[in-house]
1. Take the stretch 509-518 and flag every residue that is in a loop (DSSP other than H, G, I, E, B) and either open to solvent by 60 Å² or more (accessible area, probe 1.4 Å) or at positive phi (or both).
2. Please find, within the stretch 486-507, the residue that is surrounded by the fewest Cβ atoms within 10 Å (Cβ to Cβ) out of those that are over 17 Å from ALA339 (Cα atoms) and not small (Gly, Ala, Ser).
3. Among the residues of the stretch 279-288, which ones are modelled with pLDDT of 95 or more and within 18 Å of PRO505 (Cβ to Cβ)?
4. Run down THR494, THR543 and say which single residue is among the β-branched types (Val, Ile, Thr) and under 18 Å from PHE564 (Cα atoms).
5. Counting just the residues of the stretch 350-359 that are in a strand (DSSP E or B) and more than 20 Å from the chain's Cα centre (by Cα), which one comes out surrounded by the most Cβ atoms within 10 Å (Cβ to Cβ)?
6. Which of the residues that make up the stretch 57-93 are closer than 13 Å to THR3 by Cα, touching a strand residue (DSSP E or B) at 6+ places or on another chain (Cβ under 6 Å) and charged (D, E, K, R)?
7. For the stretch 270-278, indicate whether the set of residues that are at pLDDT 95 or above, under 22 Å from TYR496 (Cα atoms) and in a strand (DSSP E or B) is non-empty.
8. Listed residues LEU442, LEU421, LEU365, LEU457; which is in contact with a Leu (Cβ under 7 Å, 6 or more places away or on another chain), closer than 26 Å to ASP337 by Cβ, open to solvent by less than 40 Å² (accessible area, probe 1.4 Å) and assigned to a helix (DSSP H, G or I)?
Amino acid sequence: MNTQIDDWLSRFDAALTSGDVSAVTALFEPNGYWRDILSFTWNLVTLEGRDSIGAMLETCLAGTAPSNWRRTSEAEDTEDGAAAWIAFETGVATGTGRVAVRDGLCHILLTTTENLKGHEEPRGALRPKGIEHRADRHRVTWSEKRAETSARMGFEDQPEVLIIGGGQGGVALAARLKALGVPALVVEKNPKIGDSWRNRYRSLVLHDPVWYDHLPYLPFPDTWPVFTPKDKMGDWLESYASIFELDCWTSSSVDRATWDAEAETWTAEVTHEGRTVTVTPKQLVFCTGAYGPPNTPSFPGQDSFGGTLIHSSAYHDGADWAGKRALVIGAGSSAHDVAVDLWEAGADVTMYQRRPAIIVRSETLMELAFPTYSQEAVDNGLTVDMADMLGAFTPFALATEKNRRLYDHIRERDADFYAALGKAGFQYDFGEDDTGQMMRALRTASGYYIDVGASTLISEGKIKVLGGTIDTLTPDGVRIDGTDHGFDLIVACTGYASMNEAVAPIVSREAADMVGPCWGLGSGVRGDPGPWLGELRNMWKPTAHDNLWFHGGNLALSRFYSRFVALQLKARMEGIPTPVYARPAPAA
């Protein structure tokens, strides 16, 4: 297999060097895939089929100057063919990737930029020395220098990058930028970094395992729990920001940002320490999680409701609702977590389900869907960086079928679990095309739940389930299909708007509409309209608005893609040409 990979790389290198696009495309299967992250396209692009690959090369090859393609690992026999890790160079960067070859032709190629030449991350042997060991009457200590740098940021010194949001996405990106020498300022509305986690409902625990959730440069300790409680996560983010000396303004907000196309600069009005401060960054990055503002529903008759009606974003704990009747509207992750929290507090809980949801047991997902993020993987020498690259290697088009096979297995394995849910009146499915939780998360970021206890309560009837159509809210509760049900509390777990909606109040309605929605692949399923895109909308890459970016997602996505957002911003700061291939057009 090594020979098969080496032979393909040699022919690929020669064809690229000669500029023979037809010879390059002939090395791919007719329906082969090439996923490029920055190296050729300065974008996140998945090219599907020879024609698509050829069109990209006709535009990008001459300016990329790729060379020195080589295998860096032993080849493996995989379901995608003989596969191996690879390395290469371009005119401005070093790159890493992976290739899978079948019968002499490439089935999948992944190329990613690792470092910009002359601007490498100061890691390992390149780490900063920290101090010169010599006597100096004019010595400035680390703490003195840090205090001065922090005091100047946003005033005498302007950030290259203004980051809106100090959750995992904001601090991960800021840490990457700090390492690359890019001045960045994080603006967080809460009093402390990490409060975006601390302020959520009291029983919240991460549903993903620790091996999946590391942040850049600083993995969780080996003694860290598999599933992290939300307050512990908040403390970790606060400590992380301190350790990496991130410049963060807390209890602050970006109220307005105006783009000057001629000067290629943003002018941002920031409320900080009780006054308005004008900040002039070159780049503006929205790091508001995976969503925009809450989708606050409006129900007929809600003004007449005599109880309490809140969106899940305003829910914190159920302590005040012991012995009370609570209705949770929705059946996604927040709805399940809120329902459990209310039940634990002693409330009488009912869940109103508008449509089927995808449910999967945490234990099953850990065993079948996270083999590369596990203690076993670590013990076998698979680092989190390698696991991330393995995940990135699978094109989204192929992930659809792989996830369908996974959920066929899950459906059979946990048949009794699903039968009990159905018997309790809960509506579940595995997605319109049976591809399960992860594909729905990528497509719509809603409508699923990784079970950590709520499903058992539903199956046992401890959390009741209602369906049907809400006719109206009444003074005592809600009328569904003509039948009145009494409730003291209604929690609307109705989700959030797209991330681009966070742009509207800060930049403009026109800018938000120009960029268009975030997330989704164009799969054509409900909530993810076509056409097919092959990559997530607007995430981690140039958008239709100059110098406006989105970075976010769960901890794993924030970790992996923060690297590429930071590289794009660093290249622009250093004046490295970044011609973007297939940049999104303004949304209609």
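The values are calculated or read from the model by the stated rules, or taken from the named source; none is laboratory data. Computed from a predicted structure; not experimentally measured. Neighbour counts run over all protein chains shown; Cβ positions are idealised from the backbone, glycine included. Accessible surface is based on the protein model in full, side chains and every heavy atom, while ligands, DNA and RNA are left aside. Shrake-Rupley method; radii C 1.70, N 1.55, O 1.52, S 1.80 Å.
1. If the condition is that a residue be in a loop (DSSP other than H, G, I, E, B) and either open to solvent by 60 Å² or more (accessible area, probe 1.4 Å) or at positive phi (or both), then GLY516, PRO517 are the ones that fit.
2. Of everything passing the filter in the stretch 486-507, PRO505 is surrounded by the fewest Cβ atoms within 10 Å (Cβ to Cβ).
3. From the stretch 279-288, those modelled with pLDDT of 95 or more are 279-287; that's our starting set.
Correct list: VAL279, LEU284, VAL285, PHE286, CYS287.
4. Just a single option satisfies the conditions, and that option is THR543.
5. Here the residue is MET351.
6. Of everything in the stretch 57-93, those that are closer than 13 Å to THR3 by Cα, touching a strand residue (DSSP E or B) at 6+ places or on another chain (Cβ under 6 Å) and charged (D, E, K, R) turn out to be ARG70, ARG71, GLU76.
7. Taking every residue of the stretch 270-278 in turn, none turns out to be at pLDDT 95 or above, under 22 Å from TYR496 (Cα atoms) and in a strand (DSSP E or B).
8. Numbers: LEU421 fails: in contact with a Leu (Cβ under 7 Å, 6 or more places away or on another chain); LEU365 fails: in contact with a Leu (Cβ under 7 Å, 6 or more places away or on another chain); LEU457 fails: in contact with a Leu (Cβ under 7 Å, 6 or more places away or on another chain).
After applying the criteria, what remains is LEU442.
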